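Report on one structure; see the data block that follows.
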Amino acid sequence: MDASSPSPTPLLVAEGISKHYDPQPVLRGLSLRLDPGERLALMGPSGSGKSTLLHCLGGIETVDEGRILFRGEDLAALDESARAALRRSAIGFVFQFFHLLPTLSARENIELPLEFAGVSSRERRERVEDLLAAVGMTHRAAGTPSELSGGECQRIALARALAIRPRLLLADEPTGNLDTASGERVLDLLAELCTSAGTALVMVTHQPETTRICDRVLHMRDGQWIGEPTPAEE
Amino acid sequence: MRARPLPHASASPAPPGPARRLGALWRKTSLRHARNQPWQTLALVAILGLGVGGFLSIQMANRAAVTGFEGFTDAVTGRSTVTVEKAVGAFSAGELGRIRDTVGLRPAEVVPLVEGEAATAGTDPGRPLRLLGVDLVGIQNAPVADSSADLLPPPGEEPGLWSILRDRRSAWVAPEVARREGLSPGETWTIRARGEEHALTVRGVLPPGEGGVSVPPNLVVLDLAAARSLLDRGGVDRVEILVDPELPDAEALRRILAEELAGVGGGAWQVLLPGQQQAAGAQMTAAFRLNLLILSLIALLVGLYLIALGMDAAVVKRRREIGILRSLGLTAGEIRKLWALDIAALALAGTAAGLVLGSLGSQLVVRAVARTVNTLYLETTAASAQLQAGDVAMALLLGLGGGLLAAWLPLRDAASTPPAQVLSAGRFRPGLGLLRRPGLGLVLVVFGLAVLWLPPVPLPAGSRFPVAGYAAAFAWLIGGTLLVAGIVRPVARALAGRRSLPPALRHGFQRLRAASSRHRLAVAGLFVATGMALSMGIMVGSFESTVVRWLNVRFQADVYLSAPDAGGQPGVPFATVEWLEAQPEVRAVLPSARFPVPLEGRTVLLAGARYPDLLEEEEFLWIEEPLPLSAQPADADSFAVVNETFRYRFGKGQGDRVTLTTPAGPRTLWIRAVKADYGNDRGLLETDLRALRSWFDIPFYTNAVIHTEPGAPIPLETWRARETGLQFLRQGELRATALRIFGETFTIAQAIQVLGLGVAFAGLALALLTIIREDAASLRTLRCLGLDERRIAKVLATEGAGLAAVAVLGGLVLSLALAALLIFVINRQSFGWTLLYRLPATEMALQAVAIVATGALVGWLCARSTRARDRPSSPDS
Ligand SMILES: Nc1ncnc2c1ncn2[C@@H]1O[C@H](COP(=O)(O)OP(=O)(O)OP(=O)(O)O)[C@@H](O)[C@H]1O
Ligand SMILES: [Mg+2]
């Protein structure tokens, strides 16, 4: 896939977004463009604003300046419940610390977003079992998060994020808390599942070797791109 | 350079002392938590305060009610003496000596009295007079401020006071008598007593009474010896023990004397304390207050639950910190000390809040009933609503003691669990392990049922203590708590398994399915609080309908004739009843005589009533309907109608026989019927009046009820003017008075109920708030998964409503069980009464629904308030 040739309908476009947590600026006029199915890696030193950017892209954080278009729609123009609806149907999150719901079993964690997305009970069951099989967790499906290892938790979190078949997956250091072997396993899964569902990926990472599953790597420092020019700048 | 061994843990040259280190650590951890999360800290303090305050205000409201009634009864009777009367006959000289020996050298005076009837003889003959014989020489020493004191002659200026007092013909008359007979001191006056005329010398006019106690209008006071010879009595009728009312512990001394005298006299003497001869219904209000007290004791338990809830939240909130601190090398002991500091600070703040809440709460309660209370209960109520030193001590005990106790278990777990387990979230389950034992709860409930077969324990004073009732109540309360706490998870699990449920509801149950120790504590506290408030409602409803029904039965006649409690005639003269029967307006006069008699070592009230007229004129609440007289066995001297209390006390009902010792020899009564009677808790044995009069020498009737011809005007004023020493009351007035007394008690009970419900509501709200707030991370995750505010609100509302519903359902069952226990076991065993069991079903249903709705509303509001505070953001932040 040729990343530099812009496709006619980008999935996600960020135009000159800025954000500060008073008084300190965190994002300074960033622009970004992501095509459907494209995979992007974000790297940069700690505190450079990677997580913040990810949250803004997913609509769980608002920007001060600039705008973010998801499938051509300005996120800022949507109200909170419309943004929530977007997260229920098209945007998935994977976090460094998994954030599984502690009171639910692994299976129920995967099923929950499907329930709220209004998927029928029968189809839910099928999809959940498929995903459990895909992440190799069928045998541990009844366990609760406190009973699972970190790698197992991350695989469940991945399955949960992909259950709704999102167009965009935002992953914040998905392997940051895992040993090399588990990390590799999760990474392969991520690539595989994204490919099969045609999901675009934005992944924050500190480990250069993990960028192998991505089409592009962007480097950040102090809320700005460094090195290569941003692809949205024509 | 000398080699120095590597320091083991700390390289700092002079580590600070352990106390200072702990202090610094406390400032850095606990204090900062408090400062950074002022809202949560406030909620904790509020929960503690609610626990302490709820208990205190119920305590104070109850005290206001109790002292109110004591003030009321004192005001009604105006007695400040201990009265010793004999069931049958007069006191002999030997008995009088025993009374004097018992009183001994204590600051109290023994005043023997003879009472009897006489009549005027001169120009206006036949007017009833009440003769009172007092030891006029002895009473000179008495430390009196009693109605009897007013009977003293004015201090004489003449030298011959003693000779006047000893003069058998000396008499002092009431102002009314002096006016009507035209008497002045020094005159000679003739009266009739026992068919003979006696000439008396009027020595003075009695001073009018003080402090609302009036001198009976037809009173004539004579020396004891003179009265005895005039009335032809061998002994004295009554002995009053006057205790100096100025003594600081006069009340206590009276009580002690009464107890000792009752012991010396065995069953033969009847010892009455001030205010023991009561207006109708006083017995029943006593029973009602006992029931109130029991229920308000449950408030203590609610308070403890709330405190445990707050403490558990405090511990769980920071269990990670405990793990981290321990992994950094703090010992379990040091952690405990750190936490003791914390808990003490929290508990102190909570106790202070509780004191404020408590006095506010009780002020509200008292104000709600203030207007009526003040007319009825005098000033006592206002004073008893003040916080007293004892209350502060109680609050400290409850707040600090309860707090330490409640925090101890979760804390001990957290401090001694290996840090790794504490840190690896979920696996470590702190909190009261006891609440995870529904099996034990079941055992306790069954134990409570089994214990119900235990008989009550007789107390030395003659009453009986219903151990079974109290033991069952306690077992059910604790057992029910465990069951309800244990049932949350299974119920939620069952509901969460229903895949057809709307997702928000289902996830609400999924959250509840993993109910934390705080969920369980909240359920337990709410369960006890609603159980208390609802059973209070049943109690009030049952008492109210019983009282109304009973008063309607009791006051069926048009006019009620009796001798006033203080002063006036000692009873209703036979002649008065005959005269009344001859009046054209009167259809029937039903006199009755009643006095205590010993029976099987206890005292019962023996009464005589005019049968069968009584059965024709009036209706009764029959427990067992009267058998026909033809069924009376030949060996029985007469029949008797007994009350329910008698049946329980003596185990004798319809068809059984009772043998009494009478001056005419032993007499056997055949029990014909059992009736409900809530005015007497000693046992009543009512027989035919004619039979009674043939066995006992009865000087007068105790009272009489008058049924008038329908539609005829009742010439009450004429009757009153003729029979000045008696009290005529319209039944309507009596019933209204009795209903008013009960009404006030019910008002206070309802106020307590409202307070209990308020504590339940507020406790639930606070508990849910802390539970939900602590779980903010899960809510943020839900937002990232695309749940909007409406859906999250639905999830939390389900969680809150589900929690409340389990507690309220349990509370409903508990209230039914507790109320049944109070009515069918505790009241029956201690008073011998069965109340009507009335369920205020609509009211209860409304309250239950309101509590569940509160749960839902609090969940809903929590979702809204968390949104306002945390903008949607990553769970990482
Ligand atoms: N809620 C917040 N309030 C205040 N400052 C914040 C907040 N969130 C992030 N920041 C600040 O914004 C800057 C960027 O944070 P961000 O989490 O985006 O960094 P990051 O690149 O993800 O770092 P890391 O690699 O360590 O995760 C940091 O300096 C951080 O302190
Ligand atoms: Mg980050």
Relative contact order %, segment B:564-725, counting alpha carbon pairs below 8 Å whose residues are six or more apart: 34 percent
Among the trypsin sites (Lys or Arg not before Pro) within segment B:469-549, which fall in a DSSP loop and have no more than 15 other Cβ atoms within 10 Å of their own Cβ? B:R498, B:R499
Sequence-distant or interchain residues sharing an amide H contact under 5 Å with A:R221, placed H: which? A:I226
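Between B:L31 and B:T842, how high is the FRET efficiency from 1/(1 + (r/R0)^6) when r is the Cβ-Cβ distance and R₀ = 56 Å? Nearest 0.05.
Values: r = 50 Å, r/R0 = 0.90.
Calculated transfer efficiency: 0.65.
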To the nearest 20 Debye, how big is the dipole of segment B:564-725 about its Cα centre, given +1 on the beta carbon of each Lys and Arg and -1 on that of each Asp and Glu? 560 debye
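Using the count of nearby Cβ atoms within 10 Å as a rough guide to exposure, how do A:F95, B:F728 rank from fewest to most?
Numbers: A:F95 24, B:F728 17.
Ranking A:F95, B:F728 by Cβ neighbours within 10 Å, fewest first, gives B:F728, A:F95.
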Could you tell me the relative contact order of chain A? Use alpha-carbon pairs under 8 Å, at least six residues apart, and round to a whole percent. 31 percent
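Count neighbours as other Cβ atoms within 10 Å of each site's Cβ, and list the GluC sites (Glu not before Pro) in segment B:605-704 that are DSSP loop with at most 13 such neighbours.
Working: sites: B:E616, B:E617, B:E618, B:E619, B:E624, B:E644, B:E686; in loops: B:E618, B:E619.
Sites meeting the loop and neighbour criteria: B:E619.
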For B:D656, what residues show an amide H to amide H distance below 5 Å, using hydrogens built from the backbone and excluding near sequence neighbours? B:I671
Pop out the ³J(HN,Hα) list for segment B:707-717 in order, Karplus 6.51 cos²θ - 1.76 cosθ + 1.60 with θ = phi - 60°, rounded to Hz; leave Gly and Pro as x. 9, 9, 5, x, x, 6, x, 9, x, 4, 5
Amide N proximity, segment B:493-514 versus A:S121 label position 7 Å along Cα-to-Cβ, cut-off under 11 Å: B:497-502
Just to check I understand the Karplus step: with θ = phi - 60° and J = 6.51 cos²θ - 1.76 cosθ + 1.60, what whole-Hz values come out for segment A:221-226, glycine and proline as x? 8, 6, x, 10, 6, 10
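Which of rounded, prolate, oblate describes segment B:575-635, given a ≥ b ≥ c as roots of the alpha-carbon gyration tensor eigenvalues and a/c under 1.5 marking rounded, otherwise prolate only if a/b is larger than b/c?
Judged from the Cα gyration tensor, segment B:575-635 comes out oblate (a/c at least 1.5, b/c at or above a/b).
Whole number please: convex hull volume per residue of the Cα set in segment A:104-166, in Å³? It would help to have the intermediate numbers written out before the result.
Numbers: hull volume 4.3 nm³, N = 63.
Each residue corresponds to 69 Å³ of Cα convex hull volume.
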Computed FRET efficiency, Cβ-Cβ of A:T180 and B:R436, R0 41 Å: what is it to the nearest 0.05? 0.50
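Using the Cα gyration tensor of segment B:564-725, with a ≥ b ≥ c the square roots of its eigenvalues, what is the shape: rounded (a/c below 1.5), prolate (a/b larger than b/c) or oblate (neither)? Write out the running numbers ahead of the final one.
Details: a/c = 1.96, a/b = 1.61, b/c = 1.22.
Verdict is prolate for segment B:564-725.
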Rounded to whole Hz and in sequence order, give me ³J(HN,Hα) for segment B:250-264 from the Karplus expression 6.51 cos²θ - 1.76 cosθ + 1.60, θ = phi - 60°, writing x for Gly and Pro. 4, 4, 5, 4, 4, 4, 4, 4, 4, 5, 5, 5, 4, x, 5
Could you size up the charge dipole of chain A around its Cα centre, putting +1 on the beta carbon of Lys and Arg and -1 on that of Asp and Glu, and report it in debye to the nearest 20? 440 debye
Within segment A:43-99, DSSP-loop trypsin sites (Lys or Arg not before Pro) with at most 16 other C-beta atoms within 10 Å are A:R71
Which whole-number percent is the relative contact order of segment B:487-527 (Cα, under 8 Å, 6+ apart)? 44 percent
One would report the Cα pair-distance distribution of segment B:756-877, bin width 5 Å, in %, as 2, 11, 17, 16, 12, 10, 9, 7, 5, 4, 3, 2, 1, 0
Using alpha carbon centroids, what distance separates segment B:768-812 and segment B:495-559, in Å? 22 Å
Amide hydrogen neighbours beyond the local backbone of B:S638, cut-off 5 Å, H modeled: B:T668, B:W670
At what distance in nm do the modelled label points of B:L247 and A:S81 sit from each other, each positioned 7 Å from its Cα along Cα→Cβ? 7.8 nm
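Read the figures in this text as sums done on the coordinates, not as results from a lab. Since the structure is predicted, the reported quantities are computational estimates derived from the model, not experimental observations. Every residue, glycine among them, receives a Cβ derived from its backbone with ideal geometry; neighbour counts consider all protein chains shown.
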